[in-house]
Structures are given as structure tokens and as C-alpha cells.
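Notes to accompany the following structure.
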Amino acid sequence: HAVNDQVIWASGQKGTWVRSTDGGATWTTGRVPGADTLEFRDVHAVSADTAWVLSIGNGAASRIYRTNDGGLSWSSQFVATDKRVFLDCFGFWDASRALATSDTFDERFLVLRTDDGGARWLPIPPEHFPRALPNEGMYAASGTCLVTRGDRHAWITTTAEEASRVLRTADGG
């Protein structure tokens with residue numbers, strides 16, 4: 001995720017994150033403590049100091065962490081407690097408001113929302129979404145399955161054997 005032409009964050013396997021503050025000329029690397037087995041598939045930053053990473057996997061492997069000090073320390077903001085949850089990606093409108101999405105289960109979508117910078121990630125009621133198709137999911141690659149724009153618009157791409165879809169909201173959830 002590029003904050004601007006100088007500040008760039010990326011994430012990867014084994015709890016790894018990387019950051020450049022000079023347009024990619026040099027990089028700082030690190031691992032989120034206790035996340036050595038996690039695969040970070042999405043990262044969002046608002047500055048050289050503040051960023052979030054999202055890991056994929058079933059249940060407790062689906063997590064969201066935040067740093068406010070350029071990666072020196074990380075706080076856990078969300079850990080899935082339901083083994084059916086498989087986070088795929090997140091999208092931010094600003095430093096306070098964001099959505100995160102999971103693959104579907106029980107014919108419903110699980111989309112989490114925060115309005116407080118990730119201190120709480122709460123599910124949007126499932127009746128706000130159409131019924132999920134059998135085995136419908138999202139692409140957990142590079143944070144591309146959920147896009148936010150403006151103050152409240154968001155799009156989520158899905159795929160299933162039956163069809164692929166784009167879900168859209170103009171009111172933030």
C-alpha cells in the first residue's frame with residue numbers, strides 16, 4: 001500500500017511486513033510478534049507510522065493487527081473465534097472507518113466494520129446482504145477483493161461455481 005510517493009508498506013508470509021519511507025530506495029523489514037505462522041495478505045497504511053495488516057486462514061488464523069510506531073510494536077485488533085471465518089481483505093475510507101470481509105458460510109456474508117480505527121470490528125447484520133451462493137468466497141490475494149472510495153462507497157468482489165458478483169454499498173454498510 002502506497003501512502004504517497006515516499007511511504008510504502010507491504011506484507012507477506014510468516015508474519016512479515018516491510019516499509020519504505022524513501023520511495024523504495026531502502027526498506028525496513030520485520031515480523032509481527034507471535035504471528036510467525038500467519039500469512040498477511042492485505043496491508044493498509046495512513047502514514048509512515050500507522051498501518052494495519054490482515055492475515056488469512058480459518059478461525060484464529062484470521063487476524064488484524066495495527067502499528068502506530070512504524071512497526072516497532074503491533075497490537076492485535078481482531079482474532080476470529082469462529083473456525084468458519086476466513087478473512088480475505090479489508091478496505092479503509094480513512095484512519096477510523098473500514099470494512100473487512102470473510103468468505104461466506106451458512107449462506108451468509110460476514111463483513112466487519114470499524115468506526116474507531118479498528119479498536120472494535122463488528123459484523124454488519126447479514127440482512128444487509130443478499131443470500132450467499134453455495135461456496136461463494138472472495139480472493140484473498142493482495143487486498144483486491146474490497147475497494148472503498150469517497151466517504152461511504154464500497155465494492156466487494158466474489159466468486160462461486162455458479163457466478164461471480166460485485167456487491168456495492170453507497171452508505172458504508
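FYI, it's all coordinate maths here, none of it is from the lab. What you see is a predicted model; the values in this text were computed from it and never measured. All Cβ positions, even for glycine, are placed from backbone atoms using ideal geometry, and neighbour counts span all protein chains on display.
Within the group Gly15, Gly91, Gly59, which residue is of a type outside the set (D, E, K, R), surrounded by 15 or more Cβ atoms within 10 Å (Cβ to Cβ), at positive phi and in contact (Cβ under 8 Å) with a residue 24 or more places away in the chain?
Result: Gly15 is the single residue among Gly15, Gly91, Gly59 that is of a type outside the set (D, E, K, R), surrounded by 15 or more Cβ atoms within 10 Å (Cβ to Cβ), at positive phi and in contact (Cβ under 8 Å) with a residue 24 or more places away in the chain.
Which members of the range 118-151 meet the condition of being touching a Ser or Thr at 6+ places or on another chain (Cβ under 7 Å) and of a type outside the set (Phe, Trp, Tyr)?
Scanning the range 118-151 gives Arg120, Ala132, Glu136, Gly137, Met138, Cys145, Leu146.
Condition (residue is assigned to a strand (DSSP E or B), touching a Leu at 6+ places or on another chain (Cβ under 6 Å), closer than 17 Å to Trp121 by Cβ and not basic (Lys, Arg)) applied to the range 29-44: is it met by at least one residue?
Yes.
Which residues, counting only those in the range 121-153, are assigned to a loop (DSSP other than H, G, I, E, B) and among the charged types (D, E, K, R)?
Of everything in the range 121-153, those that are assigned to a loop (DSSP other than H, G, I, E, B) and among the charged types (D, E, K, R) turn out to be Arg131, Glu136, Asp151, Arg152.
Anything in the range 66-110 that is farther than 27 Å from Thr29 by Cα, among the hydrophobic types (A, V, I, L, M, F, W, C) and assigned to a strand (DSSP E or B)? List them, or say none.
Listed by number, the residues that qualify are Phe105, Phe109, Leu110.
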